[in-house]
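K.L.:
Attaching a single structure in structure tokens format; questions to follow.
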Amino acid sequence: MTAAPAQPAIVEMRGITIQFPGVKALDGVDFVLRSGEVHTLMGENGAGKSTLIKALTGVYPIDGGTITVAGEQRVFRGTADAQAAGISTVYQEVNLCTNLSVGENVMLGHEVRRAGLIDWKATHREAARHLTNLGLDIDTRSALSTHSIAIQQLVAISRAMVGEARVLVLDEPTSSLDRSEVEQLFAVMRDVRDRGVAILFVTHFLDQVYEISDRLTVLRNGMLVGEYPAAELPRGELISLMIGRELDELDALSRSAAREIDRDAAPVLEASDLGRKGVLEPADVSVYDGEVVGFAGLLGSGRTELARLLYGADRADSGSTQVRGTPARITTPRHAIDQRIAFSSEDRRAEGIIGDLSVAENIVLGIQAKRGWLRKVGRAEQAALVDEYIAALGVRPADPNRLIKNLSGGNQQKVLLARWLATAPQLIILDEPTRGIDVGAKADIQRKVAELAAQGMSVVFISSELEEVLRLAHRVVVMRDRRKIGELTSHDIEVGDLVDFIADGALESPENVA
Amino acid sequence: MTGIPVTVERASASGALRRFFSRRASWIPVLAALAILIVMFIGAQAYFGNFLTPRVISSLLLDNAYLLILAVGMTFVILTGGIDLSVGAVMAFTGMLGASLLRDGLPVGVVVPVMLLIGAAMGLAVGIMVQYFDVQPFIASLAAMFAARGLAFMVSLSSIRVEDPAILWLQSTRIQAAPGSWFITPTGILAILVVIVGALLLAYTRFGRTIYAIGGNEQSARLMGLPVVRTKLLAYVVSGVCAGLAGVVFTAYTGASYPLNGIGTELDTIAAVVIGGTLLTGGSGYVLGSMIGVLVYGSIKTVISFLGAEQSWTRITIGALLLLFVVVQRIIVARSSRR
Amino acid sequence: MKRILKNRLFWPVLALVALIVINTIARPSFISITVQGGQLYGPLIDILRNSAPLMLVALGMTIVIATRGIDLSVGAVMAVSGAVALTIIEGSSDPNGLGTVLVAIVVGVLVALVLGVWNGFLVAVVGIQPIIATLVLMLAGRGIALLITGGFITTINSEPYKFMAQGYVLGLPFALYVSMAAVVVVALLERRTALGVLTEAVGINPEASRLAGVRSRGIIWGAYAASGLLAGLAGILYSSNIMAADANAAGLYIELDAILAVVLGGTSLMGGKFSLAGTVVGVFTIQTLKSTITFLGVPPAVSPLFLAIVVVIVVLVQSPRLRSVLARASQALRPRNSSPQGGSEVAS
């Protein structure tokens, strides 16, 4: 798996510095990429991975340092400059045009022309050739929107190869792919690598790092930690290099699951056969007083979909729900809120914060919406509430008048948590509350969740990080392929077991409660 | 599956149909517009008995040549996800300017290029505001509309007759096989040429494809290394040039320029383009569709004058039709996104 | 100083003050107010009086724009409400009766409200883009008004109706009271209740607001209904001013003036944060500008050109791009940022 050591450096970045107002996003970072290798960039959120990629692809101008491509020093004034230098990029949210055909997306800007006009036949033939090179057999005239994200991802790579790319940058391409799609992507990546292209890869999934990488570069807080051959860096060491401090803080959170839950009383929320065609197969879920129920599964497994149906964010087309034993119709968020159920979406920016409103207004919004527009939360009441939650959750900076969009991700998440806690819910559904936030804020939020449950609030907790789910949850609902495949009481489950369950759909000695 | 309602379930046909829908879904609204046009033609013929005659259909093109030219330009802008409210006023301004220059004795060979250049300049100004100063297209073109309307009145407060033979020739010449049969005027030919050039530009040039790419996802287009800035500016310039040309054609049509010409024309143009199947969000639509939209608009006008009814019914009908199309588009989009 | 500069109302107020100063220098009589028979007269009073219809429309437009929408139909709605009211008065046996006039006004405004509700239905329930949804009525509305008046310009003689736009109370034009009352009612409704902040939330992030439990559908619907109602009232004032229902001329281009006033007042067309005070200033600015243009001897028909110049200046001053260029020129911060999107946020 290791590339031949004699490969020359195709990209050399030296002393790269990028300054944003108030922050040094990159500080004198060196980075070397060699032809025919898969080089993975590692680091926590905020480490500077995206910034480094954007410097390399010409999105951001650099404030200091040099970029040398194939021995020639370059200054990129835009993405076009970087592409001209042979650097092509495939972004996380596929940057293609879904309104156009597959073939066009591959060939845009490189169409075959005759007498000044595009020769579509030849263009599609050429597109098909590039797709076939990567083992893709797709109707080039079909609209891109009719294909899955995975296929679109591969089409984007094909496009990169049309431009005779010498360097291929893949920025978190796997975050929304399932296992077999990842396999397909990796096969293509290896193929491209073996043709001498240098691949810069970014991912959050550790397994994938070791599966595909030849070399790793680790960044932390905008600084270079070091470059390592993948085979020589053990997993645990990699994690501590990325995080920089020991995991003590998170481990110190004892497993709250040790507490016994009384499941004799009627559950706070009980859903039976809740489902929606094409979205989620009917599933049963119940949450009891003071209980944390984790939803575990991969992205797209149906865990978010189930949460949204429970909350009425999407409308279920089958099943029924009961709140404390009484039938309750929950088809809109309002219904859920009236039943004192709260929901924090995984997409903080698009479905959580109201960016141009202040921290205070964001906190009060939930309670205000509940009361209706006629009964405004008074100034004094608002100030008291806001101060209380800013202090209780440790929102930084503790300035209620700052616009929420200017806060870091972790603090935005705390504000959203405050918004819901202010409405005094009996059940709160948290979808990926710790995604993309720093370790300190993550620990704060986990601690808060455990504390709330201990005080009697019920919680549905969804996270991609299985450790986190196991640490907090009393019970884990396991999801796969848009359906619930089982339920585990978690105190005797290890991460490995859970992974196996998700992978195989069965456990050696299953403790199925359902 | 694209989520387009395919109800035909026959084994042999369904594969081909599915393929068609997966490849050509964006043509469906155009076909719907065409269907409406045909139904209108047939209905009008059945009701009046003398609707589908060469004379009526030929004058449909004659009477709406200026609108057709405007609609082609508007299609370019709407495809990028923008809008151009200035077209009616720019048409009026270039018409006024041209008429006054002709009155002052300038040769038509100078005046017409000047009119086109003025249109291009107005378009460029809108484009620069949109592209470089992040002004919303709605506001930028609104400013251009105000400016052009004011300038038109600055040229003259009253109408100016045009006596230049070359301009009048554009309208008065009828290329006709026999009396009472099909005919076409040079203005009509001009409009058709604009449609053809527009369609070719959009379908067969990188400029045209970049317009679709921008309308589909501007951010992507930029990251793909496509010349987004240049292309967007050019789209507004195309619309401006079309407005200038429409100024020439409209002047020929009325034989005079009046500063109040073309009030509300920008709305008619947008309505025609939308009825022709172009999505206002950009990235989907065809010049040919816009042409059908203009013909639908023209037919409604003709039908209403055949009925001898108030011309105010034209606007009401157009409004209702616009509503129908937008609702249908909305359903199509909702269905395909639910996929 | 810095805080004053940063205030959202700084530029709008500065523009208005500058206009008034220029006018006063050009003709000192501009700020003179004379008293005749207990009634105030003067150019400034005229501006206050004539701005009433635009004020009503712009208030509604502000709320609609705050929800991320736009209402192009206001001019057409004005034409309809005027046509309805005048047709009722014309058809009644007692055009001078207070009752007749009240009924006419109420019915005219109610019809406008219905049209506003229709717009709101298309936007909030059917989910059509606001520009298009209201374009439908903008196209069809004047046709409807023409049908109501039978294709003619209906003229009437009715003293009570005339009073709406031309009457005086306590020395000031009655129309001014109407527009100020509307400002106060809307301001109280938006700012004393939570309606304002909920409207802003919906305008900034509709989906997040829905999930937070905000009844965004009702708020958006209500905004269009309010806009229709206010436009209806404006239509009454307009027709009372000329004592005629002119379906083609009533409220022509007022939607554009209103949008301008809103933008001048510092409310972004992207929705979200809005400023009613800014809109009031914007309306007065536009009205003063129009009166300036008339005073300069420019034919009213050419006045759009000046409006265009003002629009361009204002949007350029508000343009983040220009501001950052200026800021960079003064501070020489960092080289060109080629991605306008990435702007201020710090990506990881």
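K.L.:
Select from region B:155-190 the residues that are modelled with pLDDT under 90 and part of a helix (DSSP H, G or I) and write down the one among them that is farthest from the chain's Cα centre (by Cα).
P.N.:
It comes out as B:P165.
K.L.:
Tell me which of these A:F295 doesn't satisfy, since it passes every other one: (1) within 14 Å of another protein chain (Cβ to nearest Cβ); (2) crowded, with 24+ Cβ neighbours inside 10 Å; (3) out of contact with any Gly (no Cβ under 6 Å at 6 or more places or on another chain).
P.N.:
Failing condition for A:F295: (1).
K.L.:
Ok, one more. Do we find a residue being within 23 Å of the chain's Cα centre (by Cα), surrounded by 22 or more Cβ atoms within 10 Å (Cβ to Cβ) and farther than 21 Å from B:L68 by Cβ anywhere in region B:106-119?
P.N.:
Checked against the condition, which is being within 23 Å of the chain's Cα centre (by Cα), surrounded by 22 or more Cβ atoms within 10 Å (Cβ to Cβ) and farther than 21 Å from B:L68 by Cβ, region B:106-119 yields no hits at all.
K.L.:
Only residues in region C:112-123 that are farther than 23 Å from C:L237 by Cβ count as the first member; pair them with residues that are of a type in the set (G, A, S) and not in a helix (DSSP H, G or I), Cβ under 7 angstrom, at least 6 apart or cross-chain, and list the lot.
P.N.:
Here the result reads C:V123/C:G69, each pair linking region C:112-123 to a residue that is of a type in the set (G, A, S) and not in a helix (DSSP H, G or I).
K.L.:
Does A:A398 satisfy being at pLDDT 90 or above, surrounded by fewer than 19 Cβ atoms within 10 Å (Cβ to Cβ) and more than 11 Å from chain C (Cβ to nearest Cβ)?
P.N.:
When the stated conditions are applied, A:A398 does not pass them.
K.L.:
Another question, if that's okay. On the given criteria, is C:M243 more than 9 Å from chain A (Cβ to nearest Cβ) and touching a Lys or Arg at 6+ places or on another chain (Cβ under 7 Å)?
P.N.:
Details: more than 9 Å from chain A (Cβ to nearest Cβ): yes; touching a Lys or Arg at 6+ places or on another chain (Cβ under 7 Å): yes.
Criteria met by C:M243.
K.L.:
Can you list the strands (runs of 3 or more DSSP E) lying wholly within region A:255-361 that have 2 or more residues being more than 27 Å from the chain's Cα centre (by Cα)?
P.N.:
Ranges flagged: A:269-276, A:318-323, A:326-328.
K.L.:
Now for a different question. Go through region C:229-257 and give me each residue that's in contact with a strand residue (DSSP E or B) (Cβ under 9 Å, 6 or more places away or on another chain), surrounded by fewer than 22 Cβ atoms within 10 Å (Cβ to Cβ) and in a helix (DSSP H, G or I).
P.N.:
Correct list: C:I242 only.
K.L.:
Scanning region A:163-183 for residues that are within 22 Å of A:E126 (Cα to Cα) and surrounded by fewer than 18 Cβ atoms within 10 Å (Cβ to Cβ), which turns out modelled with the highest pLDDT? Explain how you work it out, then say what you get.
P.N.:
Narrowing region A:163-183 to residues within 22 Å of A:E126 (Cα to Cα): A:163-168.
In the following step, the residues that additionally are surrounded by fewer than 18 Cβ atoms within 10 Å (Cβ to Cβ) were identified as A:163-164.
On the way: A:G163: 75, A:E164: 78.
Here the answer is A:E164.
K.L.:
Here's another thing I want to ask about it. Evaluate the following for B:L68: is it in a helix (DSSP H, G or I), closer than 30 Å to C:V325 by Cα and modelled with pLDDT of 95 or more? I'd like the intermediate steps shown before the answer.
P.N.:
Details: in a helix (DSSP H, G or I): yes; closer than 30 Å to C:V325 by Cα: no; modelled with pLDDT of 95 or more: yes.
Taking the combined requirement at face value, the residue does not satisfy it.
K.L.:
Quick one: what pairs do we get from region A:201-212, first residue under 20 Å from A:T51 (Cα atoms), second among the acidic types (D, E) and in a strand (DSSP E or B), C-beta under 7 Å, 6+ apart or different chains?
P.N.:
Hits for this filter: A:V202/A:D171.
K.L.:
Quick check: anything in region B:113-123 of a type outside the set (A, V, I, L, M) and under 30 Å from C:M270 (Cα atoms)?
P.N.:
yes
K.L.:
Of the numbered conditions (1) touching an Asp or Glu at 6+ places or on another chain (Cβ under 9 Å); (2) crowded, with 24+ Cβ neighbours inside 10 Å, C:V84 satisfies every one except a single condition; which is it?
P.N.:
C:V84 satisfies all of (1) touching an Asp or Glu at 6+ places or on another chain (Cβ under 9 Å); (2) crowded, with 24+ Cβ neighbours inside 10 Å except (1).
K.L.:
Does A:L117 count as touching a residue at least 40 places away in the same chain (Cβ under 8 Å) and of a type in the set (A, V, I, L, M)?
P.N.:
On the way: touching a residue at least 40 places away in the same chain (Cβ under 8 Å): no; of a type in the set (A, V, I, L, M): yes.
When the stated conditions are applied, A:L117 does not pass them.
K.L.:
Look through A:V359, A:V386, A:V377 and report the one residue that is closer than 19 Å to C:N205 by Cβ and either touching a residue at least 12 places away in the same chain (Cβ under 8 Å) or surrounded by 20 or more Cβ atoms within 10 Å (Cβ to Cβ) (or both). Give the derivation first.
P.N.:
Numbers: A:V386 fails: closer than 19 Å to C:N205 by Cβ; A:V377 fails: closer than 19 Å to C:N205 by Cβ.
Only one candidate qualifies: A:V359.
K.L.:
Test A:Q92 against the stated conditions and say whether it is without any contact (Cβ under 8 Å) to a residue 24 or more places away in the chain, in contact with a strand residue (DSSP E or B) (Cβ under 7 Å, 6 or more places away or on another chain) and assigned by TED's automatic domain parsing to the domain that holds A:Q152.
P.N.:
So A:Q92 fails the test.
K.L.:
So, one more: When you scan region B:144-151, do you find a residue that is within 9 Å of chain C (Cβ to nearest Cβ), at positive phi, in contact with a helix residue (DSSP H, G or I) (Cβ under 7 Å, 6 or more places away or on another chain) and among the charged types (D, E, K, R), even just one?
P.N.:
no
K.L.:
Run down A:L41, A:L100, A:L117 and say which single residue is over 21 Å from the mean Cα position of the chain (by Cα) and buried (at least 22 other Cβ atoms within 10 Å of the Cβ).
P.N.:
Every option except A:L100 fails the conditions.
K.L.:
Ok, one more. Being touching a Ser or Thr at 6+ places or on another chain (Cβ under 8 Å) and touching a residue at least 24 places away in the same chain (Cβ under 8 Å) is true for just one of B:I214, B:I275, B:I292, B:I318. Which residue is that?
P.N.:
B:I214
K.L.:
Please find, within region C:301-324, the residue that is farthest from the other protein chains (Cβ to nearest Cβ) out of those that are free of Cβ contacts under 8 Å to residues at least 12 places away in the same chain and closer than 20 Å to C:I20 by Cβ.
P.N.:
C:I313
K.L.:
Can you list the helices (runs of 4 or more DSSP H) found entirely within region C:101-195 that contain at least 1 residues being of a type in the set (A, V, I, L, M) and within 14 Å of chain B (Cβ to nearest Cβ)?
P.N.:
Per the criteria, C:130-148.
K.L.:
Mind listing whichever residues of region B:296-314 are out of contact with any helix residue (DSSP H, G or I) (no Cβ under 6 Å at 6 or more places or on another chain) and either buried (at least 18 other Cβ atoms within 10 Å of the Cβ) or aliphatic (A, V, I, L, M) (or both)?
P.N.:
Answer for region B:296-314, where residues must be out of contact with any helix residue (DSSP H, G or I) (no Cβ under 6 Å at 6 or more places or on another chain) and either buried (at least 18 other Cβ atoms within 10 Å of the Cβ) or aliphatic (A, V, I, L, M) (or both): B:T302, B:L307, B:A309.
K.L.:
Name every residue in region C:258-272 that is in contact with a Lys or Arg (Cβ under 8 Å, 6 or more places away or on another chain) and either in a helix (DSSP H, G or I) or of a type outside the set (G, A, S) (or both), in order of residue number. Give the steps one after another, and end with the answer.
P.N.:
At the first step, the residues of region C:258-272 found to be in contact with a Lys or Arg (Cβ under 8 Å, 6 or more places away or on another chain) are C:266-267, C:270-272.
Hits for region C:258-272 are C:T267, C:M270.
K.L.:
Okay, next question. Pull up region A:120-141, narrow it to residues that are among the polar types (S, T, N, Q) and buried (at least 20 other Cβ atoms within 10 Å of the Cβ), then point me to the one that is farthest from A:G103 (Cα to Cα).
P.N.:
Within region A:120-141, the match that is farthest from A:G103 (Cα to Cα) is A:T123.
K.L.:
Please indicate, with yes or no, whether at least one residue in region C:109-124 is farther than 30 Å from B:V326 by Cα, assigned by TED's automatic domain parsing to the domain that holds C:L146 and surrounded by 15 or more Cβ atoms within 10 Å (Cβ to Cβ).
P.N.:
No; the residues of region C:109-124 include none that is farther than 30 Å from B:V326 by Cα, assigned by TED's automatic domain parsing to the domain that holds C:L146 and surrounded by 15 or more Cβ atoms within 10 Å (Cβ to Cβ).
K.L.:
Follow-up question, since we're still on this one. In this structure, does A:A441 turn out to be in a helix (DSSP H, G or I) and not charged (D, E, K, R)?
P.N.:
Values: in a helix (DSSP H, G or I): yes; not charged (D, E, K, R): yes.
Answer is yes for this residue.
K.L.:
Say whether the condition of being acidic (D, E) and crowded, with 20+ Cβ neighbours inside 10 Å is met by at least one residue in region C:205-212.
P.N.:
Checked against the condition, which is being acidic (D, E) and crowded, with 20+ Cβ neighbours inside 10 Å, region C:205-212 yields no hits at all.
K.L.:
Ok, one more. Restricting region A:123-140 to residues that are β-branched (V, I, T) and in contact with a helix residue (DSSP H, G or I) (Cβ under 6 Å, 6 or more places away or on another chain), which is nearest to A:E111 (Cα to Cα)?
P.N.:
This residue is A:T123.
The values are calculated or read from the model by the stated rules, or taken from the named source; none is laboratory data. The shown structure was predicted, so the numbers you read here are calculated from the model rather than taken from an experiment. With ideal geometry, Cβ positions are generated from the backbone for all residues, glycine too; neighbour counts draw on all protein chains shown.
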